[in-house]
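K.L.:
The following block contains the structure, expressed as structure tokens.
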Amino acid sequence: MYCNIIVTRPFNQSFTYNVGLKKVKRGHLAIVPFGKSTEIGIIIDINVQKPNYDIKKVIKILDSICFSESTINFIEWINNYTLEPIGSILKLFLINKKIIEFDNPKEKKLQIHPKKVFLNDEQKKAKNLIKKFLNTSSKPILLEGITGSGKTEVYFDIIETFIIKKKQILIMVPEISLTPQLERRFFERFGIEVEIWHSKISEKKRQKVWHQSYRGDPLIIIGARSSLFLPFTKLGLIIIDEEHDPSYKQEDSIRYQARDLAVVRSKYHNCGLILSSATPSLETQNNVNKKKYHHVFLANQFSGLPLPAVHLIDLTKNKLERNHWISPLIISELSKCLEKKQQALIFLNRRGYSPLSLCSNCGYRFQCNNCSSWLVKHQEKKRLVCHHCGEIKQLTNNCPKCLGKNTIKSIGPGIERVAEELSNHFPTKNINIMSSDNANTTKKIKLIIEKFSKNKIDILVATQIMAKGYDFPNLSFVGVIDADAGLFGGDMRAVEKTFNLLQQVSGRAGRAKQRGKVLIQTYYPEQPVIKSLKNQDRNSFVKQALKDRENFKIPPFGYMTSLIISGPFKSKLEKYASQLVKISNKDKEISLLGPVEAPIFLLRGKYRYRILLKGNNRKNLNKLTLNMLKISPKPASIKVVVDVDPYSFM
């Protein structure tokens, strides 16, 4: 018998194999010869006609693993929507042969010892409403609540009902930095160890969790984006925590939005879906407005305290001293906070010591050899680093161009420089930094969170890694060093990201013992986003932002696809990019913009051009995209990335 098999290689087609007399079904996994190696694949069609060429035999059929029709349909849906090769999508599910051929572990017994937790009246009402929606409707549910309102405890109560039913539960988080605290809270609440899934876990752990998911063992998994592709067979509930977070968009290799794919998977598997956030994305908010999603709202902090008081520091009037980055008003507030034995968070979304190093004699700037970007100074590690490709140069105070001695000056602050300034003001206090540079493993993240939770850190200077979902009872003050950084530029989501980020980081203060206080440094106090933050008026911001999106017919009121064309030869690249847009486009509802040089024109040694397609119908947009690539096949030296629903325009 001959079957068509999709293999985990970047091909958008299946390959015919001879399975002999073996009884197989659509969905069975198989090990097959492919080129000079072997690959794992999935049988997609059975009893097909033998082609007019030699057919290779299947090496092994994995009888014990057969993907359900709903899982296959989900794989095919991702392929049709994202236009990524179906073999690459399959690899997200199958990962590698070592995982698939692993001997099945023993069945996991999930015995919980739930702890009685007090929910206030608002939380009880929210819980009952969610239960009602889950029992009577298949629509996704948005659980919105102000920071500190107790959203997690509400969905913990919902989870308990699914544990009793012996269902599988997936809790997705945008970054692995959030898993340690959530893992601890689960143990405290249910007395069980949950499973963790992200890129940093061991191969052995991956094998175990993958097979337990397929076997239908009752599981609770806290995972990053990739956890969505585990082979669940008894999935009862998916929770997307911090659903607004841009990190759910995969920007490397295969491009997809994990939050949106989770909505699709919940429909194929007929399971519940809860999206949780204090700052829902505009896409989710629009779905609520259109009655596509249910909406449950927690309007008050669990502690009963009002939200932190937000004050602006107008830097056009309260000017900073030369080579100082922190206003005296923030320093004064920090002194009061520390005198009361309370903790503070200083927020700046910029890694390293300084974003630019230049020569005061000749103006020379340290630039990456592989990218159109400046090297960032990292004082602690004594080096200059490219944040795009990772190129490293030795730190020096001497100019390599004019050979000037001690002429290199640091321009602008990163978190290391802010921490240094704070150390000068508070030399006896414990001041730590937290960014993806020093919190890049689960162990390191746990250590920083534990130290801050146990009051061993007085002031934490952090990037956006600290703006998400953390709860520190003794944290009473937040200072924002540069509120304006994300407001300007070509990113259509820049304003939304900035508002959400600053609202989230402000919400870290005053969650338990005392009302928090937030001071925000800005040069644009009249800017609508900054004013909305000060007035804590999210509704006005959302209303205006959605109106702006609708006027420009951009998501969620239109569709977009980016083509990123890259290669080592600039002239060849420019010629091919221009060739792509010469296609005859008869659909007047679709606009073709570009090609233009990407803002980061040189990245990792490759030149880059961008083309943007805009339209009001995803199916038609995808059809035109495929037609463009079919009519103008790319040369071997050129790479084309198709980014459906793009988030980054760099």
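K.L.:
It is to be established whether one or more residues within region 396-408 are crowded, with 20+ Cβ neighbours inside 10 Å and part of a strand (DSSP E or B).
P.N.:
yes
K.L.:
Right, something else. I'd like the residue in region 10-39 that is touching a Leu at 6+ places or on another chain (Cβ under 9 Å) and more than 12 Å from residue 67 (Cβ to Cβ) and, out of all such residues, is most open to solvent (accessible area, probe 1.4 Å). Step through it out loud before you land on a result.
P.N.:
From region 10-39, those touching a Leu at 6+ places or on another chain (Cβ under 9 Å) are 12, 28-31; that's our starting set.
Filter once more, so that each one left must be more than 12 Å from residue 67 (Cβ to Cβ): 12, 31.
Details: 12: 103, 31: 11 Å².
It comes out as 12.
K.L.:
Still on this model: How many residues, within region 27-37, are of a type outside the set (A, V, I, L, M, F, W, C) and closer than 25 Å to residue 73 by Cα? First the steps, then the outcome.
P.N.:
Kept after step one, since they are of a type outside the set (A, V, I, L, M, F, W, C), are these residues of region 27-37: 27-28, 33, 35-37.
This time we only want the ones that are closer than 25 Å to residue 73 by Cα, so: 27-28.
The number of residues fulfilling the criteria is 2.
K.L.:
I've got another one for you. Which residue is modelled with the highest pLDDT, if the candidates are limited to region 29-70 and must be among the hydroxyl-bearing types (Ser, Thr, Tyr) and part of a loop (DSSP other than H, G, I, E, B)? Let's see the steps before the verdict.
P.N.:
Here is the first cut: in region 29-70, the residues among the hydroxyl-bearing types (Ser, Thr, Tyr) are 37-38, 53, 64, 68, 70.
Filter again for part of a loop (DSSP other than H, G, I, E, B), leaving 53, 68.
Values: 53: 89, 68: 95.
It comes out as 68.
K.L.:
Would it be correct to say that residue 465 is surrounded by fewer than 23 Cβ atoms within 10 Å (Cβ to Cβ), hydrophobic (A, V, I, L, M, F, W, C) and over 26 Å from residue 276 (Cα atoms)? Outline the logic, then answer.
P.N.:
Working: surrounded by fewer than 23 Cβ atoms within 10 Å (Cβ to Cβ): yes; hydrophobic (A, V, I, L, M, F, W, C): yes; over 26 Å from residue 276 (Cα atoms): no.
No: the conditions fail for residue 465.
K.L.:
State which residue is farthest from residue 174 (Cα to Cα) when the search covers only region 239-264 and only residues that are out of contact with any strand residue (DSSP E or B) (no Cβ under 7 Å at 6 or more places or on another chain) and not in a loop (DSSP other than H, G, I, E, B).
P.N.:
The first filter runs over region 239-264 and keeps only residues out of contact with any strand residue (DSSP E or B) (no Cβ under 7 Å at 6 or more places or on another chain), leaving 245-247, 251-254, 260-261, 264.
Checking the rest, the ones that are also not in a loop (DSSP other than H, G, I, E, B) come to 246-247, 260-261, 264.
Working: 246: 8, 247: 5, 260: 13, 261: 14, 264: 18 Å.
So the residue we want is 264.
K.L.:
Identify, please: which residue in region 203-242 is without any contact (Cβ under 8 Å) to a residue 60 or more places away in the chain and open to solvent by less than 10 Å² (accessible area, probe 1.4 Å) and is, among those, nearest to residue 183 (Cα to Cα)? I'd like the intermediate steps shown before the answer.
P.N.:
Applying the first criterion (without any contact (Cβ under 8 Å) to a residue 60 or more places away in the chain) to region 203-242 yields 204-205, 209, 213, 216, 221-225, 227-228.
Next, only the ones that are open to solvent by less than 10 Å² (accessible area, probe 1.4 Å) stay: 209, 213, 216, 221-223, 227-228.
Numbers: 209: 16, 213: 18, 216: 21, 221: 10, 222: 8, 223: 11, 227: 15, 228: 18 Å.
For region 203-242, the residue satisfying everything is 222.
K.L.:
Something else about it: Would you mind finding the one in 438, 424, 500 that is assigned to a helix (DSSP H, G or I), buried (at least 19 other Cβ atoms within 10 Å of the Cβ) and of a type in the set (S, T, N, Q)?
P.N.:
Numbers: 438 fails: assigned to a helix (DSSP H, G or I); 424 fails: buried (at least 19 other Cβ atoms within 10 Å of the Cβ).
Sole residue among the options that is assigned to a helix (DSSP H, G or I), buried (at least 19 other Cβ atoms within 10 Å of the Cβ) and of a type in the set (S, T, N, Q): 500.
K.L.:
Would you mind stating whether residue 648 is among the polar types (S, T, N, Q), within 29 Å of the chain's Cα centre (by Cα) and open to solvent by less than 60 Å² (accessible area, probe 1.4 Å)? Walk me through it before giving the result.
P.N.:
Details: among the polar types (S, T, N, Q): yes; within 29 Å of the chain's Cα centre (by Cα): yes; open to solvent by less than 60 Å² (accessible area, probe 1.4 Å): yes.
Yes, satisfied.
K.L.:
Which residue is farthest from the chain's Cα centre (by Cα), if the candidates are limited to region 633-645 and must be in contact (Cβ under 8 Å) with a residue 40 or more places away in the chain and over 14 Å from residue 611 (Cα atoms)?
P.N.:
First, the residues of region 633-645 that are in contact (Cβ under 8 Å) with a residue 40 or more places away in the chain: 634-635, 637-645.
Pick out the ones that are also over 14 Å from residue 611 (Cα atoms) and you get 634-635, 637-638.
Details: 634: 30, 635: 32, 637: 30, 638: 28 Å.
That would be 635.
K.L.:
For the subset of region 525-537 comprising residues that are assigned to a loop (DSSP other than H, G, I, E, B) and over 11 Å from residue 498 (Cβ atoms), which member is least open to solvent (accessible area, probe 1.4 Å)?
P.N.:
Residues of region 525-537 that are assigned to a loop (DSSP other than H, G, I, E, B), as a first pass: 525-527, 536-537.
Now restrict to residues that are over 11 Å from residue 498 (Cβ atoms): 525-526, 536-537.
Values: 525: 28, 526: 132, 536: 87, 537: 56 Å².
Here the residue is 525.
Here's the yes/no breakdown for (1) closer than 28 Å to residue 430 by Cβ; (2) in a loop (DSSP other than H, G, I, E, B); (3) touching a residue at least 60 places away in the same chain (Cβ under 8 Å):
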| site | (1), (2), (3) |
| --- | --- |
| 288 | no, no, yes |
| 296 | no, no, yes |
| 317 | no, yes, no |
| 323 | yes, yes, no |
| 332 | yes, no, no |
| 344 | yes, no, yes |
| 350 | yes, yes, yes |
| 370 | no, yes, yes |
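K.L.:
Among residues belonging to region 389-432 that are touching a Cys at 6+ places or on another chain (Cβ under 7 Å) and among the β-branched types (Val, Ile, Thr), point out the one that is nearest to residue 346 (Cα to Cα). So that I can check it myself, show each step before the final result.
P.N.:
Of region 389-432, the ones touching a Cys at 6+ places or on another chain (Cβ under 7 Å) are 389, 391, 399, 401-402, 404, 407-408.
Still in the list and also among the β-branched types (Val, Ile, Thr): 407-408.
Values: 407: 30, 408: 27 Å.
Across region 389-432, the extreme among qualifying residues is 408.
K.L.:
In region 76-106, which residues are part of a helix (DSSP H, G or I), aliphatic (A, V, I, L, M) and within 23 Å of residue 620 (Cβ to Cβ)?
P.N.:
First, pick out the residues of region 76-106 that are part of a helix (DSSP H, G or I): 76-82, 86-94, 97-100.
Filter again for aliphatic (A, V, I, L, M), leaving 78, 86, 89-90, 92, 94, 99-100.
Selection gives 78, 86, 89.
The values are calculated or read from the model by the stated rules, or taken from the named source; none is laboratory data. Everything numeric in this text was worked out from a predicted model, so none of it was measured. For neighbour counting, all protein chains shown are included, and Cβ atoms are generated from backbone atoms with ideal geometry for every residue, glycine included. To get the accessible areas, we keep the full protein, side chains included, count just its heavy atoms, and leave off ligands, DNA and RNA. Shrake-Rupley method; radii C 1.70, N 1.55, O 1.52, S 1.80 Å.
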